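A short write-up of the structure that comes next.
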Amino acid sequence: MRVVRSLGSITPETPFAATIGAFDGVHLGHQSLFEQLRRQAAERQVQTLAITFDPDPAEVVSPNPPPYLTSLQQRIELIDEIGVDELCIVHFDETVRTMTAEDFLDHVRAHADVVELLVGHDFAMGHDRQGTRAVLEAYAQLHSFACAIADAFLIDDEPVSASRVRTLMSSGDLPSAARLLGRFPAISGIVVEGDKRGRQIGFPTANLGLDQRWAVPADGVYVANTYLDSRRWHSVVNVGMRPTFNSPQRTIESHILDFSDEIYGQPITVEFLHRLRGEQKFSGIEAIREQIGKDAQAAREHFARLSS
């Protein structure tokens, strides 16, 4: 997949079937949209083009934007796996925010030969989201290209959406969130120094420093995979405020099973698989050590069941 960082860098003199969206999470609804885009491009014998934004438009438009399900790099990788030919990442700023839908599409068409535009069932674009389905269809007719609206992708009779995934994650329902994503939720960041209490009690942890506002699962203890240098390690992860120690901020701490290397400053990805329990306040260090030992054993048993 060719990735470009501006509309002016799109491959010239190449006809495209195109789609536009934030695509946070690249969930099954997005995947269905991309698959339909590929089919329609094949019928027309043209290339596929996806146009997305960085930052997410909600970061600029909303005073209280929702947290991200994926980083920009994850979005790129996931869209690449689907098989889109070209991805254009548009910097979303005040100039783009104040464009009408027609102005933005004029800008797109000035740089890309769009023969068909496919958007999601709930899509709207442009200043104050005035670029509704009717506006897009009228614009397409005026400028002689096709416009199609994809059907909603339903699971349990409800459309799959990023907001629905976030709600499931916030309740700790990872299996349901994974059903909508088509994979388990994952968070990436850099390992930062913590208070090293885990090491003191015999269970060292990699503390995840977050580089964006991630959608984080409900506070509690999880069976997880931790990815480091393209290797996967079985892990137990604590998400929460560590009430026993009156922690001032929420942390994500991965105890990587059978691992003791120093990895401060290194990027890792934590993939959440299964919630073992909610967060608890303990009477002291010994009680914590005993419970973490039980959590680690439960995680080992979980992975053993998966491999059997």
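Measure nothing but the geometry: give the 0 to 90° angle between the long axis through the Cα atoms of 285-307 and the longest principal axis through the Cα atoms of the chain, rounded to 10°.
Compared with the principal axis, the helix lies near 50 degrees.
Only Cα pairs under 8 Å and at least 6 apart count here; give the relative contact order of the chain as a rounded whole percent.
Once normalised by length, the contact order is 17 percent.
Out of residues 5 or more away from F282 or on other chains, whose amide H comes under 5 Å of its own, with H placed 1.01 Å from N in the peptide plane?
T244
What residue among G209, G265, G120 has the largest mean-square fluctuation in a Gaussian network model of the chain, using Cα springs under 10 Å?
G265
Could you check how much of the accessible area of the range 244-308 is carbon and sulfur, as a whole percent, using a 1.4 Å probe?
Roughly 48 percent, rounded to a whole number.
Taking amide hydrogens as modeled 1.01 Å from N in the peptide plane, which residues meet the under 5 Å criterion relative to L273, leaving out close sequence neighbours?
For L273, the qualifying residues are V223, A224, N225.
Using just the helices of the chain, give the 222 nm mean residue ellipticity in deg cm²/dmol: DSSP H runs with n ≥ 4 each add -39,500 (n - 2.57), and the total is spread over all residues, rounded to 500.
Helix-only estimate at 222 nm: -10000 deg cm²/dmol.
If r is the Cβ-Cβ distance from H302 to R2 and R0 is 41 Å, what FRET efficiency results, to the nearest 0.05?
The value I calculate is 0.55.
Quick one: accessible area per residue over the range 119-198, 1.4 Å probe, rounded to a whole number of Å²?
Spelled out: the 1.4 Å probe surface of the range 119-198, per residue, equals 52 Å².
For the residue pair T132 and D261, what label-to-label distance in nm results when each label sits 7 Å from Cα along the Cα-to-beta-carbon direction?
Reported label-point gap for T132 and D261 is 5.6 nm.
Give me the percent of accessible area attributable to carbon and sulfur for the range 34-143, probe 1.4 angstrom.
The computed percentage sits at 46.
Based on Cα positions only, what radius of gyration and what Dmax would you give for the range 21-162, in angstroms?
14.7, 43
Residue by residue through the range 12-17, what is 3J(HN,Hα) from phi via Karplus (6.51 cos²θ - 1.76 cosθ + 1.60, θ = phi - 60°)? Round to whole Hz and write x for glycine and proline.
Result, ordered by residue: x, 6, 10, x, 10, 9 Hz.
Note down the magnitude of the dipole of the range 261-302 about its Cα centre, charges +1 on Lys and Arg C-beta and -1 on Asp and Glu C-beta and zero elsewhere, to the nearest 20 debye.
Using only the charged Cβ atoms, the result is roughly 240 debye.
Order M125, M99, M241, most accessible first, counting only protein heavy atoms with a 1.4 angstrom probe.
M241, M99, M125
Which whole-number value in Å² is the accessible area per residue of the range 250-305, probe 1.4 Å?
Accessible area per residue, the range 250-305: 54 Å².
Could you list the trypsin sites (Lys or Arg not before Pro) in the range 105-196 that lie in coil according to DSSP, counting only those with at most 11 other Cβ atoms within 10 Å of their Cβ?
Answer by residue number: K196.
The values are calculated or read from the model by the stated rules, or taken from the named source; none is laboratory data. Here the structure is a predicted model, which is why all the values come from computation and not from measurement. Every residue, glycine among them, receives a Cβ derived from its backbone with ideal geometry; neighbour counts consider all protein chains shown. Side chains are part of the model used for accessible areas, which takes the heavy atoms of the whole protein and leaves out ligands, DNA and RNA. Shrake-Rupley method; radii C 1.70, N 1.55, O 1.52, S 1.80 Å.
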